[in-house]
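No value in this document is a laboratory result; all are computed from the given coordinates. These figures come from a predicted structure and were not determined experimentally. In this analysis, Cβ positions are derived from the backbone assuming ideal geometry, glycine residues included, and neighbour counts consider all displayed protein chains.
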Amino acid sequence: MSIAWYLAVSAIVFALGALGVMTRRNPLVVLLCLELMLNGANLALIAFSRMWGNGDGQILAIVVMTVAACEVCIGLGLIVAIYRRHLPIDVDELRELQG
Amino acid sequence: MSAVLFFLAAAGVISGAIGVVVLRNPFYSVLALVFHLISLAVLFLLLRAEFVAAVQVVVYAGAVMVLYVFVVAYVGGESESLGERLRGPGPVGSGLRLGGAILAGALLVELLIALLGTGLEAIDGKGAGYSPGPQAFGTPAYVGKLLLTRFLLAFEVASFLLLIAAVGAVVLARRRGGLGEEGEGEVLTAAELLRPQGTGTMAEGVGRGS
């Protein structure tokens, strides 16, 4: 398969993730959709890495995975903290920072 | 053979992603994401990234998703239907959500134009030459050598970032004592004088001296 097919799949996954981030209300699912966007970017990185036969893209993909793990860690910690304070688990209701 | 595998894995990747966005129950969304990640690992294997595929399955689909399942089981969160989501609360919410969907569609079109309409000629090829071997492209030996030589700084910074994230998650998710409950029935010991208040120590975690 040519590299273009992989890039098309990565674009579709990224756009689906963006759709989820913009339309879902549950912050847990918003985090999951952020993962989708990162995975789309990872697929593009690895496809380009294969295209040039250069390992730099794979290293960047591994670093992106690390950052995604950190983001999940902090995001889930925030969600647990929100739950502990009996606030609604809903990104539309959480508007304390809106000013 | 590789084309068949590609289409099977790509169908899995896209259907898993659709499942994450569409499914009502957050628990099922997590399971759809696991399916998506495993299919994505197959695509990585087809792109000769063996090590990254293994990391994807073991770390991502294994460890990170278990964390998600735990938090979903702990927090729960109400399930919402797609129609309810698109309608949203009031006319403003519904308009915003429809705008979000249109924006995502525009993003897809733009990305496809940007990625497939590039002037890169190699995009229609199958990639650079590849010869199997113990030190070949994408094997653990190859990736490890790159990580510990050219990308040593990125490696160390990433490990430091993981440390900061772990400490941050513990601080965020620790059990806090309420403001009104301070100082009732407290036995003052030397250890409590020495440690600062409200720092999320183990003693506070079990409910003593918060």
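Brief remarks follow.
- FRET efficiency, 1/(1 + (r/R0)^6) with R0 30 Å, evaluated for B:V109 and A:E96 via beta carbons: 0.25
- Hull volume per residue, based on the alpha-carbon atoms of the stretch A:3-98 and their convex hull, is 86 Å³.
- On Cα atoms only, tilt of A:56-84 relative to the major axis of chain A in degrees: 10 degrees
- Trypsin sites (Lys or Arg not before Pro) lying in DSSP loop within the stretch A:1-88, provided at most 11 other Cβ fall within 10 Å: A:R85
- Computed over the stretch B:1-81, Kirkwood Rh from alpha-carbon pairs, angstrom: 13.3 Å
- Computed about the Cα centre, the dipole magnitude for chain A is approximately 80 debye when only Lys and Arg (+1) and Asp and Glu (-1) carry charge, each at its Cβ.
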